[in-house]
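Notes for the one structure printed next.
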Amino acid sequence: MVLGSRWVAQRADEPLAKAARNALAKIAAVLPRDLLDGFESSGLFVVAAQPQAHDSVDLAPLREAIRREHKIRIIYESKNADRTERIIWPIAVAFFERVRLLTAWCELRQDYRNFRTDLIVDLKPLGERYPRRRRAMLKEWRDAEGFTAQE
C-alpha cells in the first residue's frame, strides 16, 4: 500500500496526488510504534525514469464522470495535430510511467478507444448518464482486449 500510494503521490494529477499523500499521513498516524518505524524507513521508493507528459486539462472532472457514469465531450489533438471533437463514455484511466490513457466508448467510432490524457485539449462534463453500466462495459472491454479481471 505504501509503495502504491507513493507512486500515485508522485505520478498522478495534483488532486489525486494530494489524496494519496493524505492517505499515507492517515495510515502513519494510526500505526503502532513498531510498525511506524518500518513505515518511515521503508526502502521502497518511486523514481521516475522519464519526465511525465503534462495534462492541459484538469482530470478531476474526468474521474467524477467515470464514477457517475456520465458522458463527456472532449477536444482531442492527435500526435500530428489533427483535432477532433468526441462524445465519450469514460470507463477507466490507466497510469503509465510517462502518460495516462483514458479508456472510453466513443460515440463517433462506435467502439472503445484509448485517449492519451495529455492530448485532450478541452474536456466538458455533459451531466448526462450514458445508457450502459460502466462495470459491464469495463468487463466487455477487458474481454475484447484479452485482459483478465484483477484480484
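The values are calculated or read from the model by the stated rules, or taken from the named source; none is laboratory data. Since we're looking at a predicted model, the values are computed, not measured. All Cβ positions, even for glycine, are placed from backbone atoms using ideal geometry, and neighbour counts span all protein chains on display.
Condition check for D37 on (1) within 17 Å of the chain's Cα centre (by Cα); (2) of a type in the set (D, E); (3) over 16 Å from F95 (Cβ atoms): one failure, at (1).
For first residues located in segment 1-16 and outside any helix (DSSP H, G or I), partners that are surrounded by 15 or more Cβ atoms within 10 Å (Cβ to Cβ) and small (G, A, S) and lie 6+ apart or on another chain with Cβ distances below 7 Å form the pairs A12/A20.
Residue count for segment 142-151, restricted to those that are in a loop (DSSP other than H, G, I, E, B) and charged (D, E, K, R): 1.
Filtering segment 88-141 to residues that are small (G, A, S) and either in contact with an Asp or Glu (Cβ under 9 Å, 6 or more places away or on another chain) or in a strand (DSSP E or B) (or both) leaves A92, A94, A104, G127. Inside segment 94-107, residues that are farther than 30 Å from G4 by Cβ and at pLDDT below 95 make up a count of 0. The residue list R134, R116, R142 contains one member that is farther than 26 Å from R6 by Cβ, surrounded by 14 or more Cβ atoms within 10 Å (Cβ to Cβ) and touching a Phe, Trp or Tyr at 6+ places or on another chain (Cβ under 9 Å), which is R134. Taking segment 78-113 as the range and being among the aromatic types (F, W, Y) and either touching a residue at least 60 places away in the same chain (Cβ under 8 Å) or buried (at least 17 other Cβ atoms within 10 Å of the Cβ) (or both) as the test, the residues that pass are W89, F95, W105, Y112. Against the test of being modelled with pLDDT of 95 or more and of a type in the set (D, E, K, R), the options R73, R63 yield a single qualifying residue, R73.
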